[in-house]
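Participant: Quick one: structure below, then a few questions.
The values are calculated or read from the model by the stated rules, or taken from the named source; none is laboratory data. Worth saying up front: this structure is predicted, and the values here are computed from it rather than measured. Counting neighbours? That spans all protein chains shown, and the Cβs are built from the backbone with ideal geometry, glycine included. Side chains included, ligands, DNA and RNA excluded: accessible areas come from the protein's heavy atoms. Shrake-Rupley method; radii C 1.70, N 1.55, O 1.52, S 1.80 Å.
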Amino acid sequence: MNKKHSPYKIKKLFNEIQVNAGVEKKVKKLNWFTYVLFVIDLCAVICFFVAYGPYSGFRDWLVTTALSTGQHQYFAYVLYSEDYVRYIVSQNTTTQGEKFSNINDIEFVDPGKVTHYANVYEEQILKREDGNDLYKIFAIDEGSYNGYITVVYDPKRLDMVISTATYGNEVSELARMNDAIVAINGGGYYVDDEYRKYPCSIMIKDHAVYYDTGSTGEIVGMNDDGVLMLMNTTAQQAADAGMNWGLEFGPFIIVNGKSAQFTGNGGYGYQPRTVIGQRKDGVVLLLTIDGRGGNGSNGASMVQLAELLLKYGVYNACNLDGGGSTVLIENNRLINHPVSYQGTGERNVLDAIILK
């Protein structure tokens, strides 16, 4: 081939002619609409990967958290079929161990006489504040969730109070009406279309059955000696066993020092939580965990609750009503940051556990 007329030289000559003729090369630019479509496609791919990819964390969180709410369980079915929701539920479970706590295992020790602490958690619990031998409250921050632990040194001064109002009362109102120093929310309730509240579970008050569902349930309460009792039984059997006050809720997180067994996140999602527990030395812990963004907290799972409670030496513990009902009151002042899906602040409840 004649080098004077090679394809390379012909292309170079053509370009020179274009430049000399004032013809400029134009680079095609993407318009804004194309960029928007690209971002939408990218987001769709990311969302699809999160919702249906190999990592199950998001779908476990979404389904179990939605199903553990009172009014927003439909969120669990926005992305997934009923069959797949059932599958997710089967991968996140709580299996309880013993059904009855052994009240004889609790041996009361005066925390004021303890001078050596095994670890920092022991010191947080047993070291009393100056001038207050009855209780103490301290904040906890576990990274993804935070809240408060109320330490009660004399559990015989704990009691359960029940609202007699048609629409219930805020915990702060129940505390004020009963001269409570500290108060937390207790059990659950039903709400009708006119927002009237009704008991949905067993209640025991002053050694008598106050409300009975007629079935066996997970009942948590306290006897006259200040021993926390966990009993999977009927209301009358719990009262006959010496329970002074009690209510039905759950699950039991720790029984006789042994944690429930969990798969996944335990099946109850990540929510604001209220828990009552007792150490083997008799000290009672009232746990209040913020969630749903309250105070920057995401809420806790049952697995996280068990880990936290064991860290603080809890021997028996039961989950109480949580979500938007989770409230801690001290001296008529709201301490935590309750959040429901309808707004922030306290909601009306039917009962509360108080320290007098």
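Participant: About the Cα centre of region 204-356, what is the dipole size in debye to 20, counting +1 per Lys and Arg Cβ and -1 per Asp and Glu Cβ, all else neutral?
Facilitator: Dipole magnitude for region 204-356 comes out near 480 debye.
Participant: Go through region 59-69 residue by residue and turn each phi into a ³J(HN,Hα) via Karplus (6.51, -1.76, 1.60, θ = phi - 60°); whole Hz please, and just put x for glycine and proline.
Facilitator: Rounded to whole hertz, the list is 5, 4, 4, 4, 5, 5, 5, 5, 5, 8, 8.
Participant: Still on this structure, please answer the following. Across region 107-112, in residue order, what do the Karplus-derived ³J(HN,Hα) couplings come to in whole Hz, using 6.51 cos²θ - 1.76 cosθ + 1.60 with θ = phi - 60° and x for Gly and Pro?
Facilitator: 10, 5, 10, 6, x, x
Participant: Percent relative contact order of region 125-212, based on C-alpha pairs within less than 8 angstrom and at least six residues apart?
Facilitator: After rounding, I find 15 percent.
Participant: Loop only per DSSP, at most 13 neighbouring Cβ atoms within 10 Å: give me the GluC sites (Glu not before Pro) in region 84-152, ordered by residue number.
Facilitator: GLU107
Participant: Still on this structure, I have one more. Mind ranking 55-63, 215-223 by how tightly packed they are, going by the mean number of other C-beta atoms within 10 angstrom, highest first?
Facilitator: Averaged packing, sorted descending, gives the order 215-223, 55-63.
Participant: Could you tell me the distance between the Cα centroids of region 300-352 and region 70-89, to the nearest Å?
Facilitator: Here the answer is 25 Å between Cα centres.
Participant: Related question: With the full set of protein chains in place, find how many percent of the accessible area of region 57-130 is carbon and sulfur; take the probe as 1.4 Å.
Facilitator: 51
Participant: Right, another one. About the Cα centre, and with charges only on the beta carbon of Lys, Arg (+1) and Asp, Glu (-1), how big is the dipole of region 168-250? Nearest 20 debye, please.
Facilitator: Result for region 168-250 is approximately 40 debye, rounded to the nearest 20.
Participant: Where the only charges are on Cβ atoms (+1 Lys, Arg; -1 Asp, Glu), what is the dipole of the chain about its Cα centre, to the nearest 20 debye?
Facilitator: Taking the Cα centre of the chain as origin, the dipole is about 3080 debye.
Participant: Which shape class applies to region 191-313: rounded if a/c is under 1.5, otherwise prolate when a/b exceeds b/c and oblate if not, where a ≥ b ≥ c are the square roots of the Cα gyration tensor eigenvalues?
Facilitator: oblate
Participant: Which links in LYS197/LYS258; LYS197/LYS280; LYS156/LYS258 stretch past 30 Å when you go from one Cα to the other?
Facilitator: LYS197/LYS258; LYS197/LYS280
Participant: Next up: Please report, to one decimal in angstroms, the Kirkwood hydrodynamic radius of region 303-356 built from all distinct Cα-Cα pairs.
Facilitator: The answer is 13.2 Å.
Participant: Run through region 161-211 and list the GluC sites (Glu not before Pro) located in a DSSP loop whose Cβ has at most 16 other Cβ atoms within 10 Å.
Facilitator: Loop-located and lightly packed - GLU194.
Participant: Among CYS200, THR93, ILE184, flag the residue with its Cα farthest along the positive direction of the charge dipole of the chain, charges on Cβ as +1 for Lys/Arg and -1 for Asp/Glu.
Facilitator: So the residue furthest toward the plus end is THR93.
Participant: Let me ask something additional. Need the list of aspartates and glutamates near LYS205 for cross-linking: C-alpha distance under 20 angstrom, and skip anything on the same chain fewer than eight residues off.
Facilitator: ASP154, ASP159, GLU170, GLU173, ASP179, GLU218, ASP224, ASP225, ASP240, GLU248, ASP321, ASP351
Participant: Quick one: accessible area per residue over the chain, 1.4 Å probe, rounded to a whole number of Å²?
Facilitator: The answer is 53 Å² per residue.
Participant: By how many nm would the segment from TYR121 to ASP83 grow when fully extended, if each residue of separation counts as 0.36 nm and the alpha-carbon distance is taken off?
Facilitator: 9.3 nm
Participant: Select from region 138-203 those chymotrypsin sites (Phe, Trp or Tyr not before Pro) which occupy a DSSP coil region and have at most 16 other Cβ atoms within 10 Å, ordered by residue number.
Facilitator: Of the chymotrypsin sites (Phe, Trp or Tyr not before Pro), the ones in loops of region 138-203 whose Cβ has at most 16 other Cβ atoms within 10 Å are TYR167, TYR195.
Participant: Further question on the same structure: What list of ³J(HN,Hα) values in whole Hz, one per residue of region 309-319 in order, does the Karplus curve 6.51 cos²θ - 1.76 cosθ + 1.60 (θ = phi - 60°) give from phi, with Gly and Pro shown as x?
Facilitator: Values, residue by residue: 5, 5, 4, 9, x, 6, 9, 9, 7, 9, 6 Hz.
Participant: Another one. Name the shape class, rounded, prolate or oblate, that the alpha-carbon gyration tensor gives for region 52-207, where a ≥ b ≥ c are the square roots of its eigenvalues, rounded holds for a/c under 1.5, and otherwise prolate holds if a/b is larger than b/c and oblate otherwise.
Facilitator: In terms of gyration-tensor shape, oblate.
Participant: For THR233, what residues show an amide H to amide H distance below 5 Å, using hydrogens built from the backbone and excluding near sequence neighbours?
Facilitator: GLY217, ILE219
Participant: Moving on to the next point. For the charge dipole of the chain, defined by +1 on Lys and Arg C-beta atoms and -1 on Asp and Glu C-beta atoms about the Cα centroid, which residue among TYR167, ALA241, GLY214 has the Cα displaced farthest towards the positive pole?
Facilitator: After comparing all options, I get TYR167.
Participant: Here is a follow-up. For region 268-288 and region 159-204, what is the separation of their C-alpha centers, rounded to whole Å?
Facilitator: Using only Cα atoms to place each centre, the spacing works out to 19 Å.
Participant: On to the next question. Looking at (1) 26, 47, 12, 7, 7, 1; (2) 27, 51, 20, 2; (3) 30, 54, 16, 0, which value of P(r) over Cα pairs in 20 Å bins from 0, in percent comes from a calculation on the structure shown?
Facilitator: Of the labelled values, this structure produces (1).
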